[in-house]
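The values are calculated or read from the model by the stated rules, or taken from the named source; none is laboratory data. Quantities reported herein were computed from a predicted structural model and do not represent experimental measurements. FYI the Cβ positions are ideal-geometry reconstructions off the backbone, even for glycines, and counts take in every protein chain you see. For accessibility, only protein heavy atoms count, side chains too; no ligands or nucleic acids. Shrake-Rupley method; radii C 1.70, N 1.55, O 1.52, S 1.80 Å.
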Amino acid sequence: MPDKPTAPPRVLASHVQAALASQAPSQAPSQAPRHAPVTQAKPRVSPVAPPRTAASGPNAGPAQARPAVQAPSPVGFRILTAAPAGGARQIRIAAGSREIGSVEVLDAGRDAVRVVNLKVDNDQRGQGAGAQLMKAAAFEGLRMGKTRVTLESQDNGSGKLTRWYEGMGFMPRGRTDRGMMVLETSTVTLQSQLARQSARGK
């Protein structure tokens, strides 16, 4: 009976790979690899702009903006009120510690108050003290529940004081027995006109 053929010895795959690797010709050091190595891209860094030394647009920050030129501040006024005998409400105005003017507000019946004895020191005229006194008088009229303000313009015929009152919204309503112009306006109109003058810097 013939002998059975013997099976070839089993060779591990790892041994075959090792043998093939030893028989493969070595590559020259200068030969380039088949695949370029994968390198990680470096993050792009945006260049930093140099700091600006002066504001160059409307959106410039406060640290870069140039200081604005400001007009001199007006003299600060303080309003003081008192109620002397006789029912008149006296309103005084002070600049610093010095009183520089006053006005009185009388109850004229029904829905009106009467403004009398408006006074401002000569060296303080044209600085806005008179307008502040009129504004306080209008506020006092509203506090008393009145809607109209009346007064007599004592300008000695020059018309300057009358025009000053008309700029506040007063309108002529006749003359007194002594020939003085009687003017009238509403408390709301007086306050509104004085606010507009204040906004315009008058």
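What's the FRET efficiency of Glu99 with Thr189 using the Cβ-Cβ distance as r and R₀ = 30 Å, to the nearest 0.05?
Working from the Cβ atoms, E equals 0.60.
Could you pull the accessible area for Phe139 with a 1.4 Å probe, rounded to 10 Å²?
130
Any idea what the dipole of the range 156-202 comes to, in debye rounded to 20, about its Cα centre with Lys/Arg Cβ at +1 and Asp/Glu Cβ at -1?
Value, rounded to 20: 200 debye.
Roughly speaking, what is the stretch gain from Ser158 to Ser198, that is 0.36 nm per residue apart minus the C-alpha to C-alpha distance, in nm to one decimal?
Value of the extension gain: 11.9 nm.
Using the Cα centre as the reference, give the magnitude of the dipole from point charges on the C-beta atoms of the range 98-202 (Lys, Arg: +1; Asp, Glu: -1; all else neutral), rounded to the nearest 20 debye.
That gives a dipole near 300 debye.
Under a Cβ-Cβ cut-off of 11 Å, what is the net charge of the residues other than Lys119 that fall near it, where Lys and Arg count +1 and Asp and Glu count -1?
With Lys, Arg at +1 and Asp, Glu at -1, the net is -1.
What ranking of Ile91, Ile79 comes out by heavy-atom accessible area, probe 1.4 Å, highest first? Intermediate values should be presented prior to the final figure.
Working: Ile91 0, Ile79 75 Å².
Largest to smallest exposure gives the sequence Ile79, Ile91.
Give the accessible surface of the range 114-202 per residue, rounded to a whole number of Å², with probe radius 1.4 Å and ligands, DNA and RNA excluded.
59
Output the Cα-based Rg and Dmax of the range 98-162 in Å, rounding Rg to one decimal and Dmax to a whole number.
Using the Cα atoms of the range 98-162, the pair Rg, Dmax is 12.6, 37 Å.
Please work out how much accessible surface Met144 shows to a 1.4 Å probe, ignoring ligands, DNA and RNA, in Å² rounded to 10.
Spelled out: Met144, probe radius 1.4 Å, area about 60 Å².
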